[in-house]
Amino acid sequence: MPDENTLYFGDTKNMPYGEKTEEQLIDFADRIFKFFETQNAKAVIMACNTTSAITYEKLKDNYNFKVYPIIQSVCSTIANQKDIKRLGVIATPATINSHAYSNGIAKYNPDMEVFELAAPNWVRIVEEHRINQPQSILQVQEILEAIEEFTPDKIVLACTHYPYLMSALKKFMPEDKFIDPAVYFAENIKNDLTKNNMLNKRCEYEKFYVSSNPENFKEASELFCKLKDLPELKSI
């Protein structure tokens with residue numbers, strides 16, 4: 001969707017979310033959504049698996065825009081994959097404890113077996129640029145060996161950070177073993193905006209905001225976006 005105007009908010013002050021309580025996560029999400037309201041957002045993408053799992057149902061009707069949560073949006077797509085009988089899910093502790101993926105998959109395909117496993121250290125590995133360090137690779141290997149005991153057909157990388165570990169992940173399993181739900185998510189959002197005649201005609205701006213440490217964010221964000229090409233970055 002290259003023609004969409006983009007407002008990005010990274011809550012760098014409070015990350016990682018996977019270690020926070022439900023009350024904290026609801027407070028963080030509510031503050032961010034109210035900020036998006038002041039910016040006249042037409043829709044908000046809840047790209048974080050943890051907040052989708054914990055806060056979406058409690059907050060989704062409180063604002064004047066549509067909220068797209070990643071877990072709830074992609075479960076139907078994953079559940080209908082004919083080649084998947086046994087599904088592994090690797091996520092943050094908060095997402096795993098919510099059982100959002102297993103419950104979501106069961107709504108569409110109760111016959112699909114789902115095994116969920118927390119990887120509490122993986123977010124920090126990515127954020128701290130330690131992806132290829134020996135200790136990081138060992139931590140990746142330990143999680144994959146644990147989930148392999150379930151013999152999954154596919155494994156969902158159920159955190160926005162985890163696909164950036166692919167250089168380490170594919171040392172132990174084929175790359176096509178892993179599902180990046182963001183791919184399905186983007187397709188679902190585009191289809192819904194198209195159906196509701198909400199697609200933008202021309203991109204006028206991309207604005208990036210963070211809650212602390214904008215310089216650190218610039219460096220970390222190079223994994224997915226070169227901020228030198230973007231017009232605005234503010235700490236709020």
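Rule-based calculations on the coordinates, nothing more; no lab input. Small disclaimer: the values here were computed from a predicted structure and weren't measured. Counting neighbours? That spans all protein chains shown, and the Cβs are built from the backbone with ideal geometry, glycine included.
Remarks
This table checks each residue for (1) assigned to a helix (DSSP H, G or I); (2) among the hydrophobic types (A, V, I, L, M, F, W, C).
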position: 7; (1), (2): no, yes
position: 31; (1), (2): yes, no
position: 37; (1), (2): yes, no
position: 40; (1), (2): no, no
position: 64; (1), (2): no, no
position: 82; (1), (2): no, no
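- Output for the range 204-219, where each listed residue is outside any helix (DSSP H, G or I), more than 30 Å from residue 78 (Cβ to Cβ) and not β-branched (Val, Ile, Thr): 204, 205, 207, 209, 211, 212, 213
- The residue that is nearest to the chain's Cα centre (by Cα), counting only those in the range 79-117 that are small (Gly, Ala, Ser) and surrounded by fewer than 18 Cβ atoms within 10 Å (Cβ to Cβ), is 102.
- Meets criteria (without any contact (Cβ under 8 Å) to a residue 40 or more places away in the chain, acidic (Asp, Glu) and in a helix (DSSP H, G or I)) for residue 192: no
- Residue within the range 174-186 that is over 30 Å from residue 42 (Cα atoms) and among the aliphatic types (A, V, I, L, M) present: no
- Checking each residue in the range 130-166 for being in contact (Cβ under 8 Å) with a residue 60 or more places away in the chain, part of a loop (DSSP other than H, G, I, E, B) and hydrophobic (A, V, I, L, M, F, W, C) picks out 150, 158, 159.
- Conditions (1) surrounded by 15 or more Cβ atoms within 10 Å (Cβ to Cβ); (2) touching a residue at least 40 places away in the same chain (Cβ under 8 Å): number failed by residue 75: (2)
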